[in-house]
Amino acid sequence: MNMLDSRAVRLALAGALALLATACSSTRELMIKSDPPQAAAIYVNGESVGSTPRKVVVSFDPYTRVWIQVVNHETFRLWENTYDKDTWPEEDEVVVSLGGAR
């Protein structure tokens, strides 16, 4: 095999791996609402993505878990959950109960 052939094989393998990685990943939308309905901060995998109510878009592959936290910074109430492709809410929506004031 000459140099050109081995480069072509490497490029073909790299392309196949990239295609496989794309095929295995998933993007999902999740509507997050809070009850009571005041704005609460939303974090996805530790990064702030806005406040409730909000639709967030997350990407994960079959081996990834997505950690979602919703925090009311006025009452210091916290809700959190971890999802993967098998535990994702069927309705693509969660209503987070943050309870009343402390």
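For this structure, a couple of remarks:
- Any hit, segment 68-84, residues being at pLDDT below 85 and not acidic (Asp, Glu): no
- Residue within segment 14-30 that is surrounded by 11 or more Cβ atoms within 10 Å (Cβ to Cβ) and either at pLDDT 90 or above or among the aromatic types (Phe, Trp, Tyr) (or both) present: yes
The values are calculated or read from the model by the stated rules, or taken from the named source; none is laboratory data. Just so we're clear, the structure is a prediction, and the values are computed from it rather than from any experiment. Cβ: placed from backbone, ideal geometry, glycine included. Neighbour counts: every protein chain shown.
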